[in-house]
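Structure, as structure tokens:
The values are calculated or read from the model by the stated rules, or taken from the named source; none is laboratory data. Because the structure is predicted, anything quoted here is derived from the model rather than measured. Positions of Cβ are generated from backbone atoms using ideal geometry, with glycine treated the same way; all protein chains shown enter the neighbour counts. We work out accessible area using only protein heavy atoms, side chains counted, and drop any ligands, DNA or RNA first. Shrake-Rupley method; radii C 1.70, N 1.55, O 1.52, S 1.80 Å.
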Amino acid sequence: MAEEYDVIILGGGPAGSSCAAFLSKSGKKVLLLDRATFPRDKTCGDGISGRSVGVLQDLGLMGQVQKIEHEDMYGVTFSSPVGKVVPIGAPRGNGEKPPGFVCRREVLDNMLFQNAKKLATKTIEKFIATDIIKENGKVVGVKGNLNGKETTFLAKIFVGADGAGGISARKLGSLNTDEKHQAAAIRAYYDNVDGMIDQIELHFIDGVLPGYFWIFPLPDKSANVGIGMLVADMKKKKVNLQKLMEEVITNHPVFKSRFAKAKRTSDVKSWILPLASATPKLKIYGDGYVLLGDAASLIDPFTGEGIGNALTSGQISAEIINEAFEKNDFSEAVLSKYPKILWDKIGEEVMTNYNMQKHANSRWKMNLIIDKASRSKDIQGVISNALINPDGHKTLIDPMFILRALLA
Ligand SMILES: Cc1cc2nc3c(=O)[nH]c(=O)nc-3n(C[C@H](O)[C@H](O)[C@H](O)COP(=O)(O)OP(=O)(O)OC[C@H]3O[C@@H](n4cnc5c(N)ncnc54)[C@H](O)[C@@H]3O)c2cc1C
């Protein structure tokens, strides 16, 4: 007999762990499944933004964040194709939490997963999902491999939070396959990167545009370093991201000296980013199921930030799933509220940043924007004053917030 739950959550990354924690707190019988054993790594820039900080606060986890290895961030440094550098700081002090931080995913995700595990009815690692089970068109469970045996779990609601490489979006016909709405990125860890301060760095430099080169500082002068670019542009320009990053680090006039004593301490890893500019075209809910995070293609189309939206999708889906239980109705009609509320929260930002992604194709526009910021203390002041967003979460680490201010 297959075990039965109220909700099955496939994937214990930020999206699944957040959904599991919120649902379990409201008393649902939750099964959380993941193919990995935690702590596990996830290829990422490790930049944790204001949106993430907001949900982490709601989860009651910011106290734990202070205890895990991370680096608080108080601003963003931009540089332009002609080499203009603009460091824009965030206000600090008053014992407030930082606007954002950088934390290895192995560490952050383990904290989120262990929190969910503590709250969920049951958590199973090393479960490799292979198929979604449907009955009369409604999703009723998941099938997979556990300790070499085919195992089935059933539930009233299935939550697909299994990331960009998972099975949920594919099996449910919601996979983002459009290369104009996908980015590719690589990242590696380096020790001894020179000249870092307590700001994340986004460099819109020649050769890398319309993508960007990032340096996200970690403790002890180590850093997460990477490059991301739209897949369509990458293919059109026949870019090899790894060669491009080596080129930047060894030959770029600024980065050559900053990386002169640096040592790479990890493999260079790449992964795909399904962008939220595609989400309006995708069906991320249906009879008996919802999709979250990367499985719902929720990554910011310009910044590549996906953790905040993944956590948010976990929080919002939990609210709608609770409503479905109150009504005892798990149909598509009830669950259709989930993408609506989610889009109300993130849609404007996503579409603004989708437009910015198009601006970044233009070298002169990026020179103009960054030059404008470098010369105008007023603009920097506006940005600095606006570092606390309306819902009370600081958003400085979201670079688009700043670029939008520059364009205003
Ligand atoms: C190079 C790169 C840099 C990035 N940088 C940033 C950044 O700096 N900041 C930011 O906010 N975002 C960044 N992102 C995006 C961010 O990594 C994702 O948006 C985020 O991880 C999404 O979380 P998730 O929970 O949806 O999926 P994931 O974190 O991918 O979690 C999915 C989980 O599902 C499990 N799973 C998958 N398939 C199965 C299966 N068949 N059976 C069982 N379990 C399964 C996996 O083991 C995994 O634990 C970056 C992405 C890349 C590729």
Heads up, I need the accessible area for K118: 1.4 angstrom probe, whole protein in place, Å², nearest 10. 150
Counting every Cα pair in the stretch 180-220, what percent are over 11 Å apart? 71
Accessible area (Å², 1.4 Å probe, nearest 10) - C44: 30
All-pairs Cα distance distribution in the stretch 61-156, expressed in whole percent, bin size 5 Å: 3, 9, 13, 11, 12, 11, 9, 9, 8, 8, 5, 2
Values of log10 I(q)/I(0), in the order q = 0.10, 0.12, 0.15, 0.17 Å⁻¹, for the stretch 297-387 under a Debye, Cα-only, solvent-free model: -0.43, -0.56, -0.74, -0.85
Cβ-based charge dipole, the stretch 21-71, positive-most Cα from L23, G54, T37: L23
Picking from A276, A296, A184, which is most flexible by a Gaussian network model of the chain using Cα springs under 10 Å? A184
Relative frequency of Cα-Cα separations exceeding 21 Å in the stretch 1-128, percent: 48
State the antiparallel share, in %, of DSSP beta bridges confined to the chain, rounding to the nearest 5. 70
Volume per residue, Å³, of the convex hull around the alpha-carbon atoms of the stretch 255-349? 128
Taking R0 as 35 Å, what FRET efficiency do you get between S257 and S362 from their Cβ-Cβ distance, rounded to the nearest 0.05? 0.80
Cα gyration tensor of the stretch 258-307 diagonalised, 5x eigenvalues square-rooted, in angstrom largest first, produces semi-axes 34, 12, 7
Tally up the carbon and sulfur contribution to the accessible surface of the chain as a whole percent, 1.4 Å probe, everything protein left in place. 50
For the stretch 156-215, diffusion coefficient by Stokes-Einstein and Kirkwood Rh (Cα), 25 °C, 0.890 mPa s, µm²/s: 160
Using the Cα atoms as the points, what is the convex hull volume per residue of the stretch 131-264 in Å³? 172
How far, in nm, would the chain grow between I341 and D41 when pulled straight, counting 0.36 nm per residue and subtracting the alpha carbon separation? 104.9 nm
Using only Cα atoms, what is the ratio of the radius of gyration of the chain to 2.2 N^0.38 Å? 0.97
Please give the solvent-accessible surface of V7 in Å², to the nearest 10, using a probe radius of 1.4 Å with every protein chain present. 0
Estimated [θ] at 222 nm from DSSP helical runs (n ≥ 4, -39500 (n - 2.57)) normalised by residues in the chain, nearest 500: -10500 deg cm²/dmol
Identify which of G207, G304, G173 has the largest mean-square fluctuation in a Gaussian network model of the chain, with springs joining Cα atoms closer than 10 Å. G173
Find the Cα radius of gyration of the stretch 186-286, compare it with 2.2 N^0.38 Å by division, and give the number to two decimals. 1.21
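Ordering R375, R104, R187 by accessible area with a probe of 1.4 Å, largest first, what comes out? Walk me through the numbers on the way to the answer.
Details: R375 165, R104 70, R187 5 Å².
Highest to lowest solvent-accessible surface, that is R375, R104, R187.
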Using a Förster distance of 60 Å, the FRET efficiency for I128-R375 (Cβ separation, nearest 0.05): 0.65
